[in-house]
Amino acid sequence: MSLALLALTLAMPALAQEADDDLAPQMIPLSVMLDWYVNPVHAPIIIAKQRGLFEKRGLDVDIQAPADPSVPPKLVAAGRIDLAVSYQPQLHLQVDQGLPIVRVGTLIATPLNALLVRADSGIEDISQLKGKKIGYSVGGVEEVLLSAMLEHNGLSLDDVEMVNVNFSLTPALISEKVDGVTGAFRNFEPAQMKQEGVEGKAFYIEEQGVPSYDELIFVANRETLDEHRDADRRFMDAIGEATSWIINHPDDAWQSFIAYDPSLDTPLNAAAWKATLPRFALRPAALDSKRYREFEAFLLERGQIKAQSTISRLAVDLNAP
């Protein structure tokens, strides 16, 4: 064999590998920032990652957690993050303020927010909160929601004393520093109270005069949506497949979820996991326009936004023609 032929023979495997690499589909990088540290509400995202559902769709998804929960939508608006987990009520306010973000999917399809009291408080109706102390962590939207709930029961904010408990909702309620707390998540705080030996009673905001809304949503940059639409659609397809698997195999899904980070394996997360499962959006990309229109009107009526935005400015259905 000539030296030239020998060199060609030795080079053939490397050339074949280069050809295969050229033909291999290029993975699309996609950065996704959560609204807070990983917990059961993020299960479809984590499970999709764990089961290779993003990779199957040609996506290289980078999941990040913020140091400040108010930051993710702003990073999306600035073009520094592709998708962020956020909240429908905040979306309306931020769009009204000029932030170029738009809802492209839903993660949690029901409100989680609730007004929580101790079960042994004797408070069976919101009207019994007159003259009581209500703890809260974040002003703004929380006060608007509470105000609507109180009005639905013949009261107003003037009838209660608002107390800022600095994100210590459960401790403040357990220690009876306050008579109730607003902004509690119904899938976490009641379980947290139960672990401390105290039963909670929740009043659900959608049953108390507040229009129903999507709690957790995915937001994208409205100005660059067209160029990212295909990747966003693939992402939502993966989230939908992961959600279906979680619903069908909750125990296996829990094991996969805690395998992502062993520190997630806590009794509180286990209880929250069961309480969260029924609230995942089974069709993440699907858009309920009526829900967004009604909540926008609710905020406008209460002076929280300056003008009513069109649905297309607030939210899109990635699968619509």
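The values are calculated or read from the model by the stated rules, or taken from the named source; none is laboratory data. Treat the numbers as computed from the prediction; the structure is a model and nothing was measured. Cβ placement follows ideal geometry from the backbone for every residue including glycine, while neighbour counts extend to all protein chains displayed. Just the protein is used for accessible areas: all its heavy atoms, side chains included, with ligands, DNA and RNA removed. Shrake-Rupley method; radii C 1.70, N 1.55, O 1.52, S 1.80 Å.
Here residue 255 and residue 275 are evaluated by their C-beta separation; at R0 = 22 Å the FRET efficiency comes out at 0.75. On the chain, 51 percent of the accessible area sits on carbon and sulfur atoms, based on a 1.4 Å probe.
Computed with the Debye formula from one identical point scatterer per Cα of the stretch 206-321, without solvent, the log10 of I(q)/I(0) at q = 0.11, 0.15, 0.21 Å⁻¹ comes to -0.52, -0.88, -1.18.
Sorting the segments 33-42, 115-124 by their residues' average number of neighbouring beta-carbon atoms within 10 angstrom, most packed first, yields 33-42, 115-124. Radius of gyration (Cα atoms) of the stretch 192-231, expressed as a multiple of 2.2 N^0.38 Å: 2.11. Of all lysines in the structure, the ones whose alpha carbon falls short of 25 Å from that of residue 290, not counting any fewer than 8 places away in one chain, are 306.
The orientation-averaged shadow of the Cα convex hull for the stretch 13-164, equal to a quarter of the hull surface, comes to 13.2 nm². Whole-Hz Karplus values for the stretch 253-263 come out as 5, 4, 5, 5, 5, 6, 5, 5, 7, x, 5 Hz, taken residue by residue from phi with 6.51 cos²θ - 1.76 cosθ + 1.60 and θ = phi - 60°; glycine and proline positions read x. DSSP beta bridges fully contained in the stretch 93-190 are about 45 percent antiparallel. Taking amide H as placed 1.01 Å from N in the peptide plane, residue 87 has its amide H under 5 Å from the amide H of 217, each at least 5 places away in sequence or on another chain. If only the Cβ of Lys and Arg carry +1 and only the Cβ of Asp and Glu carry -1, the dipole of the stretch 113-207 around its Cα centre is close to 260 debye. Amide H to amide H distances under 5 Å link residue 135 with 163, 179, 180, 181, 182, where only residues 5 or more positions off or on other chains count and H is placed in the peptide plane. The modelled label-to-label distance between residue 308 and residue 51, using points 7 Å beyond Cα along the C-beta direction, is 4.0 nm. Take the alpha-carbon centre of the stretch 146-198, take the same for the stretch 45-103, and report the distance between them in whole Å. So the two Cα centres are separated by 29 Å. In the context of the full set of protein chains, residues of the stretch 53-104 present 39 Å² of accessible surface per residue (probe radius 1.4 Å, heavy atoms only). Ordering 170, 128, 34 by Cα displacement along the dipole of the chain toward the positive end leaves 128 in first place; charges were set at the Cβ atoms of Lys, Arg (+1) and Asp, Glu (-1).
With a threshold of 32 Å on the Cα-Cα distance, the over-threshold entries among 49/74; 130/274; 49/133; 132/194 are 130/274; 49/133. Using R0 = 41 Å, the C-beta based FRET efficiency linking residue 289 and residue 168 works out to 0.60. Summarising the label geometry, the points placed 7 Å from Cα in the beta-carbon direction at residue 300 and residue 319 lie 2.9 nm from one another. Amide H contacts of residue 160: 131, each under 5 Å away and 5 or more positions distant or on a separate chain (H built 1.01 Å from N in the peptide plane; Pro and chain starts excluded). Shape analysis of the stretch 247-311 places it in the prolate category; the axes a ≥ b ≥ c from the Cα gyration tensor give an a/c of at least 1.5, with a/b above b/c. Computed over protein heavy atoms with a 1.4 Å probe, the accessible surface of the stretch 113-207 works out to 46 Å² per residue. Restricting the calculation to Cα atoms, the chain shows an Rg/Rh of 1.09 when the hydrodynamic-style radius is the Kirkwood one.
Which of the trypsin sites (Lys or Arg not before Pro) found in the stretch 249-321 are loop residues per DSSP with 16 or fewer other Cβ atoms within 10 Å of their Cβ? The qualifying sites are 302, 306.
Short version: ³J(HN,Hα) in whole Hz for each residue of the stretch 33-47, in order, from phi by Karplus 6.51 cos²θ - 1.76 cosθ + 1.60 (θ = phi - 60°), x for Gly and Pro, what are they? Once rounded to whole Hz, the list reads 10, 6, 7, 6, 5, 4, 8, x, 5, 9, 3, x, 5, 5, 5.
Would you please state the base-10 log of I(q)/I(0) at q = 0.20, 0.25 1/Å for the stretch 113-207, with intensities from the Debye formula using one equal scatterer on every alpha carbon? For the stretch 113-207, the Cα-only Debye profile gives -0.89, -1.47.
Both radii are taken from the alpha-carbon atoms of the stretch 172-246; with Rh as the Kirkwood radius, Rg/Rh is 1.16. Helix 267-276 and the longest principal axis of the C-alpha atoms of the chain enclose an angle of approximately 90°.
Taking a straight Cα-Cα cut-off under 19 Å and skipping sequence neighbours fewer than 8 places away in the same chain, the aspartates and glutamates within cross-link reach of residue 201 are 120, 124, 125, 142, 176, 179, 189.
For the stretch 311-321, the Karplus equation 6.51 cos²θ - 1.76 cosθ + 1.60, evaluated at θ = phi - 60°, returns couplings of 4, 5, 7, 8, 7, 9, 9, 5, 8, 6, x Hz by residue, with Gly and Pro reported as x.
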